[in-house]
Each structure stands twice: as C-alpha cells, then as structure tokens.
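Peer 1: The structure under discussion is supplied below as structure tokens; questions concerning it will follow.
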Amino acid sequence: MAQRRKFTAEFKAQLVLDLVSGAKSAAELCREHQLNPQLLARWKTEFLERAPLLFEQEAMQSQEQERIAELERVVIDRPGVPLPGSEKEIELSRTRLFAFTACRSSPL
C-alpha cells in the first residue's frame, strides 16, 4: 500500500495563494503537484475560513500588550515590593520557607 504524502502548512498556503491570486488554475496546480482537486478545494476553503482569525489574533496581541504595560506600571509604582523572580524576592521566599519548616519541626 502506498504511503500518504504529508504537506507542510507553507506548501498548502502557497498553493492556495497561487489559486486565489489567479497565478495558476486549480487544474494546473493539481497536475503540477499530482493532487486530487477535492484536496485543493478543501485547503482553499480552510484558508478562506481561517483568514479572519489572523486579524483577531493581532487585536488580541495588542490587548495583551496593553495589559502587560498596565501591570508593569502597577509593579513599578510599588517601591519596596520585590519583583517576582528578583534576588530579594527569592531570599524572602527562602526565609519564609525556613521559618515555616522550623515551626513545623519544633516540638510543642
């Protein structure tokens, strides 16, 4: 039995772009790459259905960037509070852990 071919996302996108732009017809692409016409049609449908998601992701990323900037302003505006992952915060965590374990191990 013949093994199925696997196509990369870039390959599929390039073929669909060639098809949509009119650079090549569906018949030309199918002949050139030995594809079933239904397969190319399915790739085109998926491509066109998912195209709007590209712009939604940009909007989501800009919202995330705004949120990160807002949180950074909050952190910067709190002097004396150690930043997560900073040496001061790590040392404070170690001290708390040591105190907690010392309390638990001492007899009552």
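The values are calculated or read from the model by the stated rules, or taken from the named source; none is laboratory data. For clarity, every value in this text was computed on a predicted model and none was experimentally measured. Neighbour counts are summed over all protein chains in view; Cβ atoms, including those assigned to glycine, are modelled from backbone coordinates with ideal geometry.
Peer 1: Restricting to the range 9-39, count the residues that are farther than 17 Å from residue 50 by Cβ and among the basic types (Lys, Arg).
Peer 2: Let us first name the residues in the range 9-39 that are farther than 17 Å from residue 50 by Cβ, namely 18, 21-38.
With the extra rule that they be among the basic types (Lys, Arg), the set shrinks to 24, 31.
Residues that pass the stated criteria total 2.
Peer 1: With respect to residue 8, is the statement that it is out of contact with any strand residue (DSSP E or B) (no Cβ under 8 Å at 6 or more places or on another chain), surrounded by 10 or more Cβ atoms within 10 Å (Cβ to Cβ) and of a type outside the set (Phe, Trp, Tyr) true? Outline the logic, then answer.
Peer 2: Values: out of contact with any strand residue (DSSP E or B) (no Cβ under 8 Å at 6 or more places or on another chain): yes; surrounded by 10 or more Cβ atoms within 10 Å (Cβ to Cβ): no; of a type outside the set (Phe, Trp, Tyr): yes.
For residue 8, the condition - out of contact with any strand residue (DSSP E or B) (no Cβ under 8 Å at 6 or more places or on another chain), surrounded by 10 or more Cβ atoms within 10 Å (Cβ to Cβ) and of a type outside the set (Phe, Trp, Tyr) - is not met.
Peer 1: With the structure loaded, tell me whether residue 86 is surrounded by 10 or more Cβ atoms within 10 Å (Cβ to Cβ), under 28 Å from the mean Cα position of the chain (by Cα) and at pLDDT below 80 or whether it fails that test. Walk me through how you get there before you give the answer.
Peer 2: On the way: surrounded by 10 or more Cβ atoms within 10 Å (Cβ to Cβ): yes; under 28 Å from the mean Cα position of the chain (by Cα): yes; at pLDDT below 80: yes.
In short, yes.
Peer 1: Checking the conditions here, which among 47, 11, 55 is modelled with pLDDT under 85 and either aromatic (Phe, Trp, Tyr) or touching a Gly at 6+ places or on another chain (Cβ under 6 Å) (or both)? Reasoning before the result, please.
Peer 2: Values: 47 fails: modelled with pLDDT under 85; 11 fails: modelled with pLDDT under 85.
Every option except 55 fails the conditions.
Peer 1: Okay, next question. Which residues, taken from the range 26-55, are surrounded by 13 or more Cβ atoms within 10 Å (Cβ to Cβ), in a helix (DSSP H, G or I) and among the aliphatic types (A, V, I, L, M)?
Peer 2: Answer for the range 26-55, where residues must be surrounded by 13 or more Cβ atoms within 10 Å (Cβ to Cβ), in a helix (DSSP H, G or I) and among the aliphatic types (A, V, I, L, M): 26, 29, 39, 40, 41.
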